[in-house]
Every structure is written in structure tokens, then in C-alpha cells.
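Read the structure below first, then the notes.
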Amino acid sequence: MRLTMTVTTRFAPSPTGLLHIGGVRTALFSWLYARRHNGKFILRVEDTDLERSTPEAVRVILEGMQWLGLDHDDGPHYQTQRFGRYKEVLARMLAAGKAYHCYCSKEELDAMRAAQQAQKLKPRYDGRCRHARGPGPQSGRAPVVRFKNPEEGSTIVRDVVHGDVEFRNTELDDLIIARSDGTPTYNFCVVVDDADMGVTHVIRGDDHLNNTPRQLNMLLALGHQAPVYAHVPMILGPDGAKLSKRHGAVSVLQYQEEGYLPDALLNYLVRLGWSHGDQEIFSRAELVALFDIKDVNKGASAFDPEKLQWLNQQHMMRADPAEIVPQLRWQLVHRGIEPADDEALAAIVVAQRERCKTLKEMADNSRFFFGETVLLDEKAAHKHLTVESRQALQQLGYRLRTLPQWEASAIHAAIQTVAGELDLSLGKLAQPLRVAVTGGTVSPPIDQTLAILGRERTMARLIAAIG
RNA sequence: GCUCCCUUCGUCUAGAGGCCUAGGACAUAGCCCUCUCAAGGCUGUAACACGGGUUCGAAUCCCGUAGGGAGCGCCA
């Protein structure tokens, strides 16, 4: 036995539904904890439910984790590839008398449950086959395998977020660990896997808290040490109800499509149930340095898309524009727009990011930077492109055409000069100009906008607008 | 039904008996800045689920109640 155990955590999603932000947050907590302690992070796909698992869901898990940069050091493991191992452990438990065959039929079990519920009791297996009071092999049925849970005393789960939680063993029945067709069940696979893979810290949703004492008893029966458990609260929808498809965003990858930065999403998710003083914005490195699973709250929290948007913008404003460029490019290509060179895109990022919550919004609002012509918004044109303002634009056009340096400061000076000459407020010239070159009333500062647009496009659009 | 878990502004949270006339953030309202939209700055509205204890003193400790959630499957 090693004296110093490397901290080993795992994320073990089941590919029966698309990975959503709830799963991502547990993954994040596990990942952060492992990274914080220079430990190991394992990815394990729990696909024993052949019926409901889909390749699409597996793909989303893999791609989603990659997109978010939650890299694993081991895996991905697939439980369906470990059936041999489970059978082996199963046989060992049977041989050691830690598990037994149960020949009860589905009908008998249903009847038992119904009777218990009628008496307002918790439905649980009464252990008839364990004590040779059951049907036995002569029934001719293929048996299931049940784990012999302790019949007395209690099991205490030491949980770092909830504290010690005590379960009386009488509340726990002998769960089925292998089906009549021989395939192992979830609770058993988890135990075998966690033990085999050396998981030291089990971090998962608190919907598993009730399963834990049974898993713990199996682990102990197998001669293993109990890991540290941390059951983290779940995420609720914005309306406080359980998170579901109804709340939009089924798959994490949807956040990528909607133009969120991985670091922003992670930052948002980590703050659901965890905090560090009054700090709201965290870089990935800060999270790795500051996060501790012990500081996670117990209560469930509601997902707030507006705060996510705010954080996304904060991260966009702090990021190196060059890192955002590829993502903006992706958004633009998606819209059938011919992407400009990286330098121009970086300039657009800088000009736009303080007025966009997502890259999707940035791309939508940046369409006018591309293409030769621009479609004038009717209302805006009617209001701002008056006879008077067209004349002003014409005068400005003369000056811009011969401007020695096509850069924001020079452009700004030119606009100011013309406004001065015509005795117009800056706004009376800038707005018509904005409408003429962007087609609408909203854009980054007009001098920056023209600088990015370039002289050629600016002049062409100016001429078109003047008519 | 039984067992387990949870409960501070609309939302995310700070708070580990006196620092709390309960702090920050998002959202929201107003003001400032301003070529538009933003970003930014300032100001405001807004919470300890309820009831009992313990204590000189409770958001913080204990007990109930209510509400919410999870588990109880040959699902994971």
C-alpha cells in the first residue's frame, strides 16, 4: 500500500442523454480538484444500459469535454468493455459468500413491493433467497445475483460537503448486482471501477447520495478502503424547477454554437455553489489555484442565463483578441461570410466586444464589415439620411477621400472638422454617416468603424447613400 | 408511504454567536459619461422560510413545522 495516494477523481457520465451543464459542472469540480492537487482525472463512460445509450451522446461527452478543455489523464473507459472484469469480481463475491443467487420472479418481487407499500413501508427486498426461504434453483429460473448487505448496524457516509450522513442498514436491502442474463448493474460496476481505477475522491451529483451507503458496503466487502465522497448539489432551471430540455440548451455544445467562451461557461458554472469572497471573474489558472471541494454549498442553485451572458462578455473583454478570432471566424463562416484576415478580425473583436454578450451576437452585429454593399435600414435611412445630412456627408466624403492616413484618429479629426465647418453637432454628422456605412444606427465608435471598414468600402457606401 | 438531503435579496452568493442598521455580483430603476449601442462610474429598490428554545447576545447552535429535492428498478 502506498503511503501517499495521488488524488484521483473521475467523471462518469452515462450516455443516455446529451451532456448538459449540470453534468459539466460536476465534471468541472472533479477536474479542478484533481488539477489543484496535481492528481489524476479519469473519464469513464457508463454505457451499461445498452438500450438507452447512444453514440451521439458519447460524441457530445467527448467533444464537449474537449471544447471546455477538461482534459483527462486516463480513459475514456467504457464499461461495456469491462464486462469480463465484472464477471470475475462477481464470481469472487459469490465464492466468498458475499453475494448470493436469487430466484425470485419479477411477479413475486412486484407482489412483495405492493404488499409493503400497502403497509406504508419502504419497498425493499426481504432477503428470502438469502435465508433459503425463496424459490431456489428448482424453480428452473435463471437467477440474479444479490449483494449481501449488512443486516444490522448502520453505514456512515463521510461526505465533505454534507458531513457525516448515517443510514441504518435495515433501510438498505440486498440489491441486484447482476441481472438474470449475467450482465452487471450500475451500482456494482461503479464500485468495481472506482476500486480498480484507484479513485480516491468520488465527486458526483447529490442524487447519488442515497446510493452511496450500498456502494460503500460493497467496496468494504471487497476489501477496499472508502474513498472521500463529495455530493454536489444539482442545478435547477431558471424557474427553479429541475433542469430539462424545456429550458433550452440540451447539449453543452450548444453553448459553443451560441458563442460562449469555454472559460466563461466554466467560470459561471463554478460559481454555482462555490465562491471565493467577492470575486466573480476567475481565470482557469485562478480556479485551479483556489478551488476546494470543501467549500461547495449544499443547496441546489438555479441557472441564470443573464449572468452567464454578462460573464461571457467580461471574459471576451479580458481575453487576448487573437484567441477569440478563430471563434468569431467560425461564426462568420457559418453565416456564409467570407472571413477577412486575422488582423482585421482581431480589430473587429476589439471594437465589438464591449457591446456583445456572445460571439454569435458579435458576428450578427459585424455583418456590415463584410461585402461590398450594405442594406440600408429603412427607418434609419428615413430619419438620418435627409437632404441636409446628405450634403454634409458629401462634404465629409471629399475630405475622407484624400485623407493622408486612414486611421481612427485622423478620421475622427476629419469628422470633427467637417462638423465644425457646417456648424453641426458631432452627432448630427456621425449618425448619418453611421447609417450610410453600416446600414443601421448601431455600431462601434464611428471612427473605429470606418478605420476597420477601409477607405474603399467607406467611399463606395457613402456615394451609394448620398444617391 | 418510507429513508436521506436542502432552505440568506427575483437569481448566484458572503456570513462559521457579538465586526450585520445583513456585504458583493447578475437582473432592475435613476443619474453621470457620450457620435449610436455599449462598456464604465455613482445611487436606489430588494433577503436571513416559519415557530419554539439555548445564550447577556443568533442569519449563525438545538428542536419542531412548512416548502423543495433525491432515492426506494433485473435504469444509470
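The values are calculated or read from the model by the stated rules, or taken from the named source; none is laboratory data. All values derive from a computational prediction rather than experimental measurement. As a convention, Cβ positions derive from the backbone with ideal geometry for all residues, glycine included, and neighbour counts pool all protein chains shown.
Brief remarks on what is shown
- Residue in region A:58-81 that is of a type in the set (A, V, I, L, M, F, W, C) and over 30 Å from A:Arg284 (Cβ atoms) present: no
- Any chance A:Ser301 is within 13 Å of RNA strand B (Cβ to nearest atom), surrounded by 14 or more Cβ atoms within 10 Å (Cβ to Cβ) and of a type in the set (Gly, Ala, Ser): yes
- Looking only at region A:137-157, and only at residues there that are loosely packed, with under 14 Cβ neighbours inside 10 Å and of a type outside the set (Ser, Thr, Tyr), the one that is modelled with the lowest pLDDT: A:Pro137
- Odd one out for A:Glu361, checked against (1) surrounded by fewer than 16 Cβ atoms within 10 Å (Cβ to Cβ); (2) under 39 Å from the mean Cα position of the chain (by Cα): (1)
- Per the listing A:Ala178, A:Ala99, the residue uniquely surrounded by 12 or more Cβ atoms within 10 Å (Cβ to Cβ), closer than 13 Å to A:Arg214 by Cβ, aliphatic (A, V, I, L, M) and touching a residue at least 40 places away in the same chain (Cβ under 8 Å) is A:Ala99.
- The helices (runs of 4 or more DSSP H) falling completely within region A:21-132 that include 3 or more residues that are farther than 26 Å from A:Glu171 by Cβ map to A:21-36, A:55-68, A:83-95.
- Set side by side, the residues A:Ala221, A:Ala230, A:Ala264, A:Ala226 differ, and just one is of a type in the set (Gly, Ala, Ser) and farther than 30 Å from A:Arg92 by Cα, which is A:Ala264.
- Scan of region A:140-177 for residues that are on the phi > 0 side of the Ramachandran plot and either within 10 Å of RNA strand B (Cβ to nearest atom) or touching a His at 6+ places or on another chain (Cβ under 8 Å) (or both), ordered by number: A:Gly163
- Only residues that are near RNA strand B (Cβ under 10 Å from one of its atoms) and without any contact (Cβ under 8 Å) to a residue 12 or more places away in the chain were counted in region A:273-298, giving 3.
- Among (1) closer than 25 Å to A:Thr441 by Cβ; (2) in a loop (DSSP other than H, G, I, E, B) - the single one A:Pro339 does not satisfy: (1)
- Those residues of region A:17-76 which are hydroxyl-bearing (Ser, Thr, Tyr) and out of contact with any strand residue (DSSP E or B) (no Cβ under 6 Å at 6 or more places or on another chain), in sequence order: A:Thr48, A:Ser53, A:Thr54
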